[in-house]
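**Q** Please find one structure pasted underneath; my questions will follow.
The values are calculated or read from the model by the stated rules, or taken from the named source; none is laboratory data. Since the structure is predicted, the reported quantities are computational estimates derived from the model, not experimental observations. All Cβ positions, even for glycine, are placed from backbone atoms using ideal geometry, and neighbour counts span all protein chains on display.
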Amino acid sequence: MRHRKAYRKFGLPSDQRRSLLKSLTRNLLLNDKIITTEIRAKEVRPIVEKLVTLARKGGAEASVTLKVHYRRLVRRYVDSNVDEFVKIANPNGKGHKVARNPYYVVPRLFEEIAPRYMNRPGGYTRITKLGRRRGDGAPMALISFVEGDAVTLSETALAPTSSGRKGLPGLARSVEGRSHLAKMARARNNN
């Protein structure tokens, strides 16, 4: 019997299971849809729904303290290992500039995804079954966001970050076109 055992284990230790779900959640928030196994999609769905609800509560109408509070709650789960700003080398070889990391999903969640669903009480995602995977026969599914209201981005959301800013937190890692994870994987393969 599985009384009071709510979540799926995926045959993984808890740290690997958390990492898998965090990665799937980040990819869904970045791309608006992902293809994964049906079981994983069913496990990611409530996480994403709760994050969108938190982002709705910390939307444009919320006070500054509530906005900061809800961003921190979301960041605690989604982007604990991704920096908001990164150093990018200048093409002329002199110094670097600071830009927003394209893999940082918190601003996208609060400025693009959550405003779409301000008039919707829940049910932001949809799971569509796709059939079985050829190799092992695992049931596959597409998890995607449902259609929401059209939202235009404000000028502040579209404005690029000014270059040459110093003293920004979290600039220890640099990214040139790809994430720091790809660099670490290349370094591992070279050893």
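**Q** Of all residues in segment 76-107, count the ones that are surrounded by 12 or more Cβ atoms within 10 Å (Cβ to Cβ) and not in a loop (DSSP other than H, G, I, E, B).
**A** Count: 13.
**Q** Look at Arg4 and say whether it is buried (at least 16 other Cβ atoms within 10 Å of the Cβ) and without any contact (Cβ under 8 Å) to a residue 24 or more places away in the chain.
**A** Numbers: buried (at least 16 other Cβ atoms within 10 Å of the Cβ): no; without any contact (Cβ under 8 Å) to a residue 24 or more places away in the chain: yes.
Judged against the criteria, Arg4 is not a match.
**Q** Can you name the residue in segment 7-28 that is part of a loop (DSSP other than H, G, I, E, B) and among the basic types (Lys, Arg) and, of all such residues, is surrounded by the fewest Cβ atoms within 10 Å (Cβ to Cβ)?
**A** Once the filter is applied, the top-ranked residue is Lys9.
**Q** Still on this structure, please answer the following. Report the residue count in segment 114-153 for those that are exposed (fewer than 12 other Cβ atoms within 10 Å of the Cβ) and of a type outside the set (A, V, I, L, M, F, W, C).
**A** 13
**Q** So, of the residues in segment 137-159 that are over 14 Å from Asp32 (Cα atoms) and of a type in the set (S, T, N, Q), which turns out to be modelled with the highest pLDDT?
**A** Only one residue fits best here, namely Thr152.
**Q** Leu73 fails exactly one of the following numbered conditions: (1) surrounded by 15 or more Cβ atoms within 10 Å (Cβ to Cβ); (2) not in a helix (DSSP H, G or I). What is the number of that condition?
**A** Going through the list (1) surrounded by 15 or more Cβ atoms within 10 Å (Cβ to Cβ); (2) not in a helix (DSSP H, G or I), Leu73 breaks only (2).
**Q** Can you tell me which residue in segment 1-41 is farthest from Arg76 (Cα to Cα), limited to those that are in contact with a helix residue (DSSP H, G or I) (Cβ under 9 Å, 6 or more places away or on another chain) and hydroxyl-bearing (Ser, Thr, Tyr)?
**A** Thr36
**Q** Would you mention how many residues in segment 29-66 are assigned to a helix (DSSP H, G or I) and free of Cβ contacts under 8 Å to residues at least 12 places away in the same chain? Show your work before the answer.
**A** Residues of segment 29-66 assigned to a helix (DSSP H, G or I): 29-31, 38-57, 64-66.
Next, only the ones that are free of Cβ contacts under 8 Å to residues at least 12 places away in the same chain stay: 31, 46, 50, 64-66.
Residues that pass the stated criteria total 6.
**Q** Of everything in segment 29-46, what is under 12 Å from the mean Cα position of the chain (by Cα), surrounded by fewer than 17 Cβ atoms within 10 Å (Cβ to Cβ) and of a type in the set (A, V, I, L, M)? Give them in sequence order.
**A** Within segment 29-46, Leu30 is the sole residue that qualifies.
**Q** Another question, then. Going by the structure shown, is Ile88 under 30 Å from Asp136 (Cα atoms) and in contact (Cβ under 8 Å) with a residue 60 or more places away in the chain?
**A** It is false that Ile88 is under 30 Å from Asp136 (Cα atoms) and in contact (Cβ under 8 Å) with a residue 60 or more places away in the chain.
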